[in-house]
1. Select, from 64, 60, 53, the only residue that is loosely packed, with under 14 Cβ neighbours inside 10 Å, out of contact with any Lys or Arg (no Cβ under 6 Å at 6 or more places or on another chain) and not hydroxyl-bearing (Ser, Thr, Tyr).
2. Against the condition at pLDDT below 80, of a type in the set (Ser, Thr, Tyr) and either in contact with a Ser or Thr (Cβ under 6 Å, 6 or more places away or on another chain) or surrounded by 11 or more Cβ atoms within 10 Å (Cβ to Cβ) (or both), how does residue 31 come out, does it pass?
3. Given the condition of a type outside the set (Gly, Ala, Ser), at pLDDT below 80 and either surrounded by fewer than 11 Cβ atoms within 10 Å (Cβ to Cβ) or in contact with a Lys or Arg (Cβ under 7 Å, 6 or more places away or on another chain) (or both), answer yes or no: does some residue in segment 156-166 qualify?
4. I'd like the full set of residues that are at pLDDT 75 or above and either surrounded by 11 or more Cβ atoms within 10 Å (Cβ to Cβ) or not assigned by TED's automatic domain parsing to the domain that holds residue 14 (or both), limited to segment 122-154.
5. Can you name every residue in segment 34-60 that is more than 18 Å from residue 135 (Cα to Cα), modelled with pLDDT of 80 or more and either over 16 Å from the mean Cα position of the chain (by Cα) or not in a helix (DSSP H, G or I) (or both)?
6. Any residue in segment 72-95 that is closer than 25 Å to residue 107 by Cα and in the same structural domain as residue 106 (by TED's automatic domain parsing) sitting within a Cβ distance under 8 Å of a residue that is aliphatic (A, V, I, L, M) and exposed (fewer than 10 other Cβ atoms within 10 Å of the Cβ)? List the pairs, counting only those 6 or more apart or interchain.
Amino acid sequence: MNPKAALYTMCSDPASAQRTVDALLSAGVRTEDITVISSEPFDGFELARHEKATLMPWLAVLGAILGGAGGFLLVSQTQMSYPIVTGGMAIVTPWSNGIITYELTMLGAILTTLLVLILTAPLLRWKQEPYDQQVSDGKILVGVTHTSGNFDEKVREIFSPGGGAAK
């Protein structure tokens, strides 16, 4: 979606941005469709925050389990594949096996976390967000990216100067 297709307004302070977001939510616009962009964080205001649940911790644990299992199999199969007569003793001590297993466990967790971060972080912008140069000057952009039919007129009314919410 190009930035021209999105509807947005510029607010001068966080209170008016919060009023605009509240008016959009009461008009029936979904939280996921509201975009708020500012040049500084405003912690005392909600401003359409929608935090999604992530599977990253569970995927990191899965990566650690797979890495640890792979490390243990690597060490044990390597020791069994050498035809050295040791009288029933292991070629390498268990402490050395533990170090390699631990390191591959951590490597699996780190690589899985990095992969999930690259795939889920907004570094690769699939959805084009609206932007205006006034955001750099201290204004707050409140926009709606997906409007349809009857919502379009309601959003235009909220964003109009006489609409009462955006100033």
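The values are calculated or read from the model by the stated rules, or taken from the named source; none is laboratory data. Owing to the predicted nature of the structure, the values given are computational and were not obtained by experimental measurement. Cβ sites come from the backbone with ideal geometry, for glycine too, and all protein chains shown count toward neighbours.
1. Numbers: 64 fails: loosely packed, with under 14 Cβ neighbours inside 10 Å; 60 fails: loosely packed, with under 14 Cβ neighbours inside 10 Å.
Result: 53 is the single residue among 64, 60, 53 that is loosely packed, with under 14 Cβ neighbours inside 10 Å, out of contact with any Lys or Arg (no Cβ under 6 Å at 6 or more places or on another chain) and not hydroxyl-bearing (Ser, Thr, Tyr).
2. On the way: at pLDDT below 80: yes; of a type in the set (Ser, Thr, Tyr): yes; either in contact with a Ser or Thr (Cβ under 6 Å, 6 or more places away or on another chain) or surrounded by 11 or more Cβ atoms within 10 Å (Cβ to Cβ) (or both): yes.
Yes.
3. yes
4. 134, 135, 138, 139, 140, 141, 142, 143, 144, 145, listed by residue number.
5. Correct list: 54, 55.
6. Filtered contacts from segment 72-95: 91/84.
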